[in-house]
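Below you'll find the structure, written out as structure tokens, and then a few comments.
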Amino acid sequence: MTIPTLAEFEDAAAALVGVVSHTPLEESQHLTEVLGVPMYLKLENLQRTGSFKVRGATYRLSRLTAEERARGVVAASAGNHAQGVASAAQKLGIPATIFMPLGVPVPKLLATRGYGAEVVLDGATVETPLRLAAEFAERTGAVLIHPFDHRDIIVGQGTLGLELFDDLPEVETVIVGIGGGGLAAGIAAAVHARAAAVGRSVRVIGVQAANSAAYPDSLAAGTPLEVQTRPTIADGIAVARPGDLPFEIIRELVDEVVTVDEDDIARALLVLLERAKVVVEPAGAVGVAAVLAGKIRATGPTISVLSGGNIDPLLLQRVVAHGLAASGRYMTLKIPLPDRPGQLARVSELLAQVGANVTEVLHTRHGQGLQISEVVLQLSVETRGEEHRAEVIRTLVDAGFAPTLVQD
């Protein structure tokens, strides 16, 4: 594939005026302190439909012929691409059918239906909807709108790269999450083209969830490889195989690809909520997760793209709890006690002395292999970080108790 030119990206940006929003770019003082250079957040979570996907989908559909529009479009997605295609199809008066996995977050499902698309639910991961969408296209003649493996999609997503450079011409590093690779490829090509036009260069760093990281092995092999994925909260970038077209661009223009684990992502979501006051879905937070995990080395102004904000409130609740635990600010302890009066009061007194706040208590004599003279006390406790958590456990141990940490 020939890399899209600056003129192509600029034409796409002109075509999307009035359809997509020019989302804000804001500096994060906290992340600046962590990274050691000025750190900015591109709030694409505030984009129409809640993610960058509307850029590529709208540009792709806008270039269909009248005959193709009459046949309708079909797509497969875990949510964001679905909303982008459904929204674009509604604006252009094109019938749309969207295949989505059974576990798709409810807000994404309802939003996709709300844009007027017909939604078909099937499969545990996005791989099944992708196959079904291709079969539907073959059977009905509908135009398949691939989420990342098409030049128009890549060019549409790359309009975000032009915004980054326009908003911060002195940018030296861009951090972006990678699933199939459409966004990263588009941003890398657009940013490099815009920088080259003024005699500069910009580093682009891609980030994948470790449980679904096809790019590191593929880049090492020099060809797209399919990997065995594991469950990840970053469902928006859970793709088993890189797209052929994005891979070629990323191999040439993306300087580095790093991975982050589930705890890293949960911590990033919590930091973004507390410090930046923004709600981001897990896939949109992987760039910040990489910064917090020490995976990024940057010089000069740096931008992390918050690619989407479509998160199920129930998942957000679980992720916040997990993020608190991963940050040392919440823990659950099991403490075996002799079954005699005063033991619960003693534990409570010790926790009060070290300033730990108890949020939940379970005191039981039943099950768990207990002797007749034993009980187990299970406590959920708020702490102020890793040092405070260690102090709480040390205080209990010094008092003769044997607490064990319960993993969530």
(request) Give me the pairs, please: first residue somewhere in region 183-194 and within 15 Å of Glu170 (Cα to Cα) and free of Cβ contacts under 8 Å to residues at least 60 places away in the same chain, second residue anywhere and open to solvent by less than 10 Å² (accessible area, probe 1.4 Å) and part of a helix (DSSP H, G or I), beta-carbon distance under 7 Å, and either six or more positions apart or on two chains. (result) Val191/Gly161; Val191/Leu164
(request) Residue by residue through region 354-408, note down the ones that are part of a loop (DSSP other than H, G, I, E, B), open to solvent by 80 Å² or more (accessible area, probe 1.4 Å) and at pLDDT below 85. (result) Arg365, His366, Gln368, Gln371, Ile372, Gln407, Asp408
(message) Could you check region 144-154 and list, in sequence order, the residues that are touching a Lys or Arg at 6+ places or on another chain (Cβ under 9 Å) and either hydrophobic (A, V, I, L, M, F, W, C) or open to solvent by less than 10 Å² (accessible area, probe 1.4 Å) (or both)?
(response) Ile145, Ile153
(message) Give me the helices (runs of 4 or more DSSP H) completely within region 1-114, filtered to those with at least 1 residues that are free of Cβ contacts under 8 Å to residues at least 40 places away in the same chain, in contact with a His (Cβ under 6 Å, 6 or more places away or on another chain) and buried (at least 16 other Cβ atoms within 10 Å of the Cβ), ordered by residue number.
(response) none
(message) If I filter region 47-74 down to residues being under 18 Å from the mean Cα position of the chain (by Cα) and of a type in the set (Lys, Arg), which single residue comes out as farthest from Glu8 (Cα to Cα)?
(response) Arg48
(message) From the list Val280, Val305, Val291, Val286, exactly one residue is open to solvent by less than 30 Å² (accessible area, probe 1.4 Å), part of a loop (DSSP other than H, G, I, E, B) and either among the acidic types (Asp, Glu) or at pLDDT 90 or above (or both). Which is it?
(response) Val280
(message) Return the residues of region 250-268 that are over 12 Å from Leu219 (Cα atoms) and open to solvent by less than 10 Å² (accessible area, probe 1.4 Å); say none if nothing qualifies.
(response) Val260, Ile265, Ala266, Ala268
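Residue-by-condition table, conditions (1) at pLDDT below 95; (2) closer than 28 Å to Thr173 by Cβ; (3) out of contact with any strand residue (DSSP E or B) (no Cβ under 8 Å at 6 or more places or on another chain):
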{"site": "Thr2", "(1), (2), (3)": "yes, yes, yes"}
{"site": "His30", "(1), (2), (3)": "no, yes, yes"}
{"site": "Val37", "(1), (2), (3)": "no, yes, no"}
{"site": "Gln47", "(1), (2), (3)": "no, yes, no"}
{"site": "Val74", "(1), (2), (3)": "no, no, no"}
(message) I want to confirm something. Restricting to region 225-249 and keeping residues that are more than 19 Å from Gly308 (Cα to Cα) and either small (Gly, Ala, Ser) or buried (at least 24 other Cβ atoms within 10 Å of the Cβ) (or both), which single residue is farthest from the chain's Cα centre (by Cα)?
(response) Ile249
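The values are calculated or read from the model by the stated rules, or taken from the named source; none is laboratory data. Only a predicted model underlies this, so the values are computations on that prediction, with no experimental measurement involved. Using ideal geometry, Cβ is built from the backbone for each residue, glycine included, and neighbour counts are taken over all protein chains shown. With ligands, DNA and RNA removed, areas are computed over all heavy atoms of the protein, side chains included. Shrake-Rupley method; radii C 1.70, N 1.55, O 1.52, S 1.80 Å.
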